[in-house]
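The values are calculated or read from the model by the stated rules, or taken from the named source; none is laboratory data. Computed from a predicted structure; not experimentally measured. All Cβ positions, even for glycine, are placed from backbone atoms using ideal geometry, and neighbour counts span all protein chains on display.
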Amino acid sequence: MNLFFHIGRYFELMRRVIIIPQKASFFRKQVIVEIDNLGLKSLGIVVIISIFMGGVVTIQTAFNTDHPLLPIYAVGFATRQSIILEFSPTIISLILAGKVGSRIASEIGSMRVTEQIDALEVMGVNSAGFLIFPKIVAALIINPALVIISMFLGIWGGWLVSAFTDVLPLSHYMSGIMLEFSEYDITYALIKTVVFAFLITSISGYFGFYTKGGALDVGHSSTKAVVFSSIFIIFFNLVLTQILLA
Amino acid sequence: MIKVVDIWKYFDNNAIIKNVTASFEKGKTNLIIGQSGSGKTVLLKCIVGLLEPDNGNVFYDERNFTKMNIADKQIVRKELGMLFQGGALFDSLNIEENVMFPLNMFTKYTKEEKLERVNFCLKRVNLGNINHLYPSELSGGMKKRAAIARAIANNPKYLFCDEPNSGLDPKTAIIIDNLIREITKEYNITTIINTHDMNSVMEIGDNVVFMYSGEVWWKGTREDILHSSNKELNSFVYASELLKKLK
């Protein structure tokens with residue numbers, strides 16, 4: 001099946017997904033459940049990766065910008081900008097594409113192969129909207145929160161490196177992270193995060209929803225969901241960066 | 001009553017269902033039988049709307065289901081209950097939540113009323129004290145009974161069962177068969193059962209449609225089967241050497 005077939009079928013699915021839910025109270029409950037499943041259960045990995053990456057970015061920047069013409073506080077500045085502009089929104093979204101994307105595709109794919117989606121359809125439930133829309137809404141709510149947490153922790157990771165190693169003095173790191181802060185950087189990062197959240201959940205939902213066959217095919221769908229979510233995140237990262245920062 | 005008129009369904013230009021016309025009566029257990037690959041599951045999916053027939057119409061009490069828009073179809077679907085081959089209970093919900101699901105979605109009952117209805121349905125299928133168990137904790141027969149409870153929770157007018165006995169031992173299979181027939185008579189619903197289990201046919205087959213190579217090959221009652229001279233039907237019914245000798 002060619003690319004255009006998938007693109008067409010994806011938009012056709014989204015037309016069924018993004019509509020007013022059949023039962024608002026049920027939908028609200030589902031969103032809360034999905035915020036827990038997709039967001040809060042990813043908090044651990046986000047915390048660990050952010051702290052360590054913040055530390056590593058600080059060390060790498062310090063070792064690679066060791067030049068008499070560059071002020072030492074530039075390390076802190078570069079760390080902050082790297083974390084806010086790229087690491088937290090893009091890398092964390094790629095990690096979530098792996099964790100959350102595979103979960104969504106395998107969950108919905110398993111429901112497809114065990115006829116649970118058919119059961120929903122026969123009952124008169126819009127299965128696409130019922131299964132995928134709460135996940136999209138939950139990710140749009142919780143992913144920006146995760147990314148903001150990641151920003152703080154990443155910068156704190158750099159602080160830990162400065163405070164407990166001799167890579168650079170803590171005062172210079174603190175001066176650097178407070179230098180020329182632009183609020184628009186946060187807006188830019190959050191816009192990217194929201195777009196990536198939609199891509200992860202909708203693409204993974206698409207591959208799960210159209211799973212055919214058995215357990216092996218659920219695995220294939222899950223892999224495809226992660227691969228295509230990641231590709232589209234990278235592609236939209238380029239597009240959005242050009243649009244929002246150029 | 002459900003009527004299907006001149007149904008055709010193709011997959012990759014191969015006709016899987018050919019010119020199927022049949023009617024399924026209210027208050028009776030209507031069986032679609034045939035060997036694997038004869039098209040009975042595809043026909044059932046066309047009837048409930050999981051597949052769109054390429055030609056022909058499906059009527060639910062004179063309402064043309066095939067020609068309806070999505071919104072009207074959803075109204076009709078609220079009148080359907082379906083028992084799937086594997087039960088198709090929702091893994092993430094316990095049995096109580098599974099049976100309550102259609103009530104949560106489509107009724108305005110209070111929580112107490114819903115719980116009362118759930119317990120009534122579970123009791124009706126002889127399942128007690130399993131409200132808080134999950135589908136993975138149940139045996140095959142219990143799953144089927146829980147799925148029947150879910151199918152009847154919202155008082156359906158039409159009940160569909162796809163291979164209700166698959167994977168069950170003969171004794172449990174008969175219990176499930178009798179349960180379906182009792183529910184059909186008790187609530188006067190139109191029931192269509194897809195099966196290739198001859199025990200089921202002889203036990204509960206009020207009306208039987210035999211499918212062969214995607215076509216309706218024979219129609220009658222379970223008694224008529226015993227006296228039929230239809231070659232393909234006899235070959236299906238008396239498949240084993242023992243049964244051939246008995247005939």
Original post:
Quick check, is B:Ile47 more than 13 Å from chain A (Cβ to nearest Cβ) and among the β-branched types (Val, Ile, Thr)?
Top reply: no
Subject >> Residue match in segment B:33-40 (condition: modelled with pLDDT under 95, within 18 Å of B:Met211 (Cα to Cα) and in a strand (DSSP E or B)) >> reply: yes
**OP:** Just one of (1) β-branched (Val, Ile, Thr); (2) more than 10 Å from every other protein chain (Cβ to nearest Cβ); (3) under 28 Å from A:Gln30 (Cβ atoms) trips up B:Val58, so point out which.
**Re:** (3)
Subject >> Qualifying helices (runs of 4 or more DSSP H) (wholly inside segment A:121-227; at least 2 residues being within 14 Å of another protein chain (Cβ to nearest Cβ), hydrophobic (A, V, I, L, M, F, W, C) and surrounded by fewer than 24 Cβ atoms within 10 Å (Cβ to Cβ)) >> reply: A:127-164
Original post:
Do you know which residues across segment B:188-203 are modelled with pLDDT of 90 or more and outside any strand (DSSP E or B)?
Top reply: B:Asn188, B:Ile189
**OP:** Evaluate the following for B:Ile176: is it of a type outside the set (Gly, Ala, Ser), farther than 14 Å from A:Thr114 by Cβ, away from chain A (no Cβ under 13 Å) and within 15 Å of the chain's Cα centre (by Cα)?
**Re:** yes
Original post:
Which members of segment B:48-60 meet the condition of being of a type outside the set (S, T, N, Q) and more than 18 Å from A:Gly124 (Cα to Cα)?
Top reply: B:Pro53, B:Asp54, B:Gly56
**OP:** Kindly check whether there is at least one residue in segment B:130-146 that is buried (at least 16 other Cβ atoms within 10 Å of the Cβ), at pLDDT 90 or above and within 12 Å of chain A (Cβ to nearest Cβ).
**Re:** yes
Subject >> Hits in segment B:150-169 (condition: away from every other protein chain (no Cβ under 13 Å) and buried (at least 22 other Cβ atoms within 10 Å of the Cβ)) >> reply: B:Pro164, B:Asn165
Original post:
Mind checking which residues of segment B:198-233 are farther than 25 Å from B:Ile176 by Cβ and polar (S, T, N, Q)?
Top reply: B:Ser213, B:Ser228, B:Ser229, B:Asn230
**OP:** Say whether the condition of being closer than 25 Å to B:Ala15 by Cα, touching a residue at least 40 places away in the same chain (Cβ under 8 Å), of a type in the set (Phe, Trp, Tyr) and surrounded by 22 or more Cβ atoms within 10 Å (Cβ to Cβ) is met by at least one residue in segment B:212-220.
**Re:** no
Subject >> Residue check for B:Asn234: over 17 Å from B:Pro164 (Cα atoms) and part of a helix (DSSP H, G or I) >> reply: yes
Subject >> Matching helices (runs of 4 or more DSSP H) fully within segment B:48-124 where at least 1 residues are under 26 Å from B:Lys18 (Cβ atoms) >> reply: B:70-77
Original post:
Which helices (runs of 4 or more DSSP H) does segment A:1-117 wholly contain that include 1 or more residues that are out of contact with any strand residue (DSSP E or B) (no Cβ under 9 Å at 6 or more places or on another chain), more than 21 Å from A:Phe235 (Cβ to Cβ) and small (Gly, Ala, Ser)?
Top reply: A:24-34, A:43-64, A:73-82, A:92-113
Original post:
Which condition breaks for B:Tyr109 when tested against (1) closer than 26 Å to B:Lys185 by Cβ; (2) within 14 Å of another protein chain (Cβ to nearest Cβ); (3) out of contact with any Ser or Thr (no Cβ under 6 Å at 6 or more places or on another chain); (4) buried (at least 18 other Cβ atoms within 10 Å of the Cβ)?
Top reply: (4)
Subject >> Subset of segment B:70-98 (residues that are within 16 Å of A:Met123 (Cα to Cα) and either more than 9 Å from chain A (Cβ to nearest Cβ) or of a type in the set (Val, Ile, Thr) (or both)) >> reply: B:Ile70, B:Ala71, B:Asp72, B:Ile75, B:Val76, B:Leu83, B:Glu97, B:Asn98
Original post:
Can you tell me how many residues in segment B:78-103 are touching an Asp or Glu at 6+ places or on another chain (Cβ under 8 Å) and modelled with pLDDT of 90 or more?
Top reply: 5
Subject >> Residue selected from segment A:29-41 under the condition away from chain B (no Cβ under 12 Å) and at pLDDT 95 or above, by the criterion farthest from A:Trp156 (Cα to Cα) >> reply: A:Val31
Original post:
Failed condition for B:Lys45, given (1) under 27 Å from B:Lys231 (Cβ atoms); (2) outside any strand (DSSP E or B); (3) among the charged types (D, E, K, R), with all others met?
Top reply: (1)
Original post:
In this structure, does B:Leu127 turn out to be outside the structural domain of B:Thr172 (by TED's automatic domain parsing), crowded, with 16+ Cβ neighbours inside 10 Å and in a loop (DSSP other than H, G, I, E, B)?
Top reply: yes
Original post:
Just wondering, is there one or more residues in segment A:125-133 that are at pLDDT 95 or above and under 17 Å from the mean Cα position of the chain (by Cα)?
Top reply: yes
